[in-house]
Amino acid sequence: MKNWRWEKDAQDLVWLTFDKAGESTNTFSREAIEELVAALDAIAALRPKGLVVRSAKDNFIAGADVKEFVKFKTADEALEFNRLGWDMTQKLRDLPFPTTAMVNGFCMGGGLELALACRYRVALDEPNTRFAFPEVMLGIWPSWHGLMWLPKLVGPTAAFDMLLTGKTVDARKAKRIGLVTQAVPLRILENTARMVTLEAPAPRPLPLVERMLLGPLRGVVVSQARKQVAKRARREHYPAPYAILDAWQKYDGDPFVAPQDPTCSLKALFEHPTTANLIRIFFLQERLKSLGKGAASAPRHVHVVGAGVMGGDIAALCAMRGMTVSLQDTAPERLAPAVQRAAKLFERRLRDKHRVRDALDRLIPDVSGAGAARADVIIEAIFENLVAKRELFAKLEALAKPGAVLASNTSSLKLADIAEAVKDPSRLVGIHFFNPVPQMMLVEVVSASRTDPEYAARAAAFVRALDKLPLPVKDSPGFLVNRVLGPYMQNAFRMLDEGIKPETIDAAMEDFGMPMGPIELADTVGLDICLAAGKELAKKGAAGEAEAPQTLLNKVALGHLGRKTGQGIYRYENGKVVKGPADRYLKDLVDALIEPYLAEASAVHAEGIVGDADLIDAGLIFGTGFAPFRGGPLHYLATRK
């Protein structure tokens, strides 16, 4: 076999190892599934005391190979592939001896379904061990028994928290909810898998409440979950989460009981345009990830100058990902809030006091700036002032060790203008993060005309080491994201000046599929920042009008700067926006609001600021939240009717 091997040990246990040929990650291709079925038949004939399934890779199994999906010419072909996976997991579950999945790293989609087919799951207790059902993000649902088996194992509450969002669960939470039998360190992982399989403990019973939710209260579960889904996604845009609930309520998650049901059948989902666009986005995301490969290893020491919200959060993210970080600002009192915010982030993300302590130990307040001399990457994140940035980089270049990357987080200044202050502009790159840094996936990696491609590649690798998506862009006013958002938001403010209610403008764009309307987005970014960025871009000749909208000028003059001050275009109570009702509107308003966005994306493409149309689509989906179900702005322009 190309992808599987097994051996029987002295205790009559079979160890079955998945090692997909020619790949760094295990995924289920048709060949890998067919080989596994044959392996299970051969192992069953041996009649061992038990079976342990493990991986030879750094991760367990990342799910079905999505490349298989693009081969399907019809929904029937997709269903036939699905039947292969369904039968494979059922065969594993039906084996007459104890079975254990020994999970390290990612256990996703079909990989998690294979793990659920085993009687036991033993997980490596490390941050990189993650369980998830990301199918909903591809417009489908876990149909190799995942939807059927997960609620029965962990209860509907925990199950639908995973199934409807695609979010990951670490090893410790997986143990807590009953998804895994044991979560243990590496030194005893193999022995724990062995002992669990040989001892074959009785399964943990579900609490009474969860058993009730599985049975007589199933309709209540679905009703409440559907209300939560409706707050995030419309059925016509994203049918998959609604299909998950319907398939579970009506058919207990069996895709073959009612294959023609239009509310939840896999056939209906595979034929829906959203599914094709979400699969397209998956490949766009993989392409962005690939842009951070092939360069030097992740930096060991990062130095960040500027402890404001942006700089402080960049430093915190680096420390959380295992890097030593020195954070510089002019006084200790400017550094303290950044460290406090970092501590909250670590507690929220790491959820372990020892990991939180270690991450805080890696975050070093540095008023003197001495850390710059030791850093592999130096990031400037001070206010948007060309003179101040030039002065800072002149000092940093003198301190930096040879080969260190010099990076600016500027959002509106040209890198070439900043580079005039340094003797060697080849090592200066832009690494432009977006707020809020911990949540936003996209990071623009900016190259000026004199930037050495090797330094740009190292910057992209650094971004990937932070688990972000690097997008290479040329040095141009606003780069990609801010350049496209500028005319779009300015246009929305012009409509405010004309008397259209902000609620109506935002509702129209949310109807189009944006996660947030342009007015609430401006409030969230900060109206002062929007005004300053707009003026800077207009000065550089970007699209839009040089004169700022009057409503924006008035609000900034009053100090009503948005969410951060409790009052902007909207009022905010306890951090939540207070809105009135939207007026009725026609499709003409939607078209008028989105047109500047689409036009500017097309202009960026024409000017070659970003490599190609697909990368522009990827950047604007992950950087601005452009309606994912539409496949990206340029794709939407090319396919809209």
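Taken together, the values in this text are just the output of simple stated rules run on the coordinates, not laboratory data. Since the structure is predicted, the reported quantities are computational estimates derived from the model, not experimental observations.
What's the angle, to the nearest 10 degrees (0 to 90), between helix 613-624's Cα axis and the longest principal axis of the chain?
Roughly 80 degrees between the two axes.
So how tilted is helix 332-350 from the main axis of the chain? Cα-based, degrees 0 to 90, rounded to 10.
Result, in degrees: 20.
Per DSSP helix of 4 or more residues, -39500 (n - 2.57); summed, then divided by the residues of the chain. What does that give at 222 nm, rounded to the nearest 500? Numbers along the way, then the final one.
Working: 26 runs with 308 residues, N = 641.
Counting only the DSSP helices, I get -15000 deg cm²/dmol.
Nearest 10 degrees is fine. How inclined is helix 353-362 to the longest principal axis of the chain, computing both from alpha carbons?
Orientation of helix 353-362: about 40 degrees from the principal axis.
Quote the relative contact order of the chain in percent (integer), defining contacts as alpha-carbon pairs under 8 Å separated by 6+ residues. Kindly include the intermediate steps, with their values, before the conclusion.
On the way: 1180 pairs, mean separation 55.9, N = 641.
That works out to 9 percent.
Are any of the pairs K227/K576; K227/K641; K173/K576; K152/K175 more than 21 Å apart by Cα-Cα distance, and if so, which? Working shown, then result.
On the way: K227/K576 19 Å; K227/K641 31 Å; K173/K576 29 Å; K152/K175 15 Å.
Pairs exceeding the cut-off: K227/K641; K173/K576.
Over the alpha carbons of the range 301-474, what is the largest minus smallest coordinate on each principal axis, giving the biggest first in Å?
That gives 46, 32, 27 Å along the principal axes, largest extent first.
Looking at the chain, send over the antiparallel percent of its DSSP beta bridges, to the nearest 5. Provide the component values of the computation, followed by the final result.
Numbers: 16 of 62 bridges.
Around 25 percent antiparallel, to the nearest 5.
Can you tell me the mean projection area, over all orientations, of the convex hull of the range 4-271's alpha carbons? Units nm², please. Before the final figure, lay out the partial values.
On the way: hull surface 55.4 nm².
Result: 13.9 nm².
At 20 °C and 1.002 mPa s, what whole-number value in µm²/s does Stokes-Einstein give for the translational diffusion of the range 175-221, with Rh from the Kirkwood sum over Cα pairs? Working shown, then result.
Working: Rh = 13.0 Å.
Answer from the Stokes-Einstein relation: 165 µm²/s.
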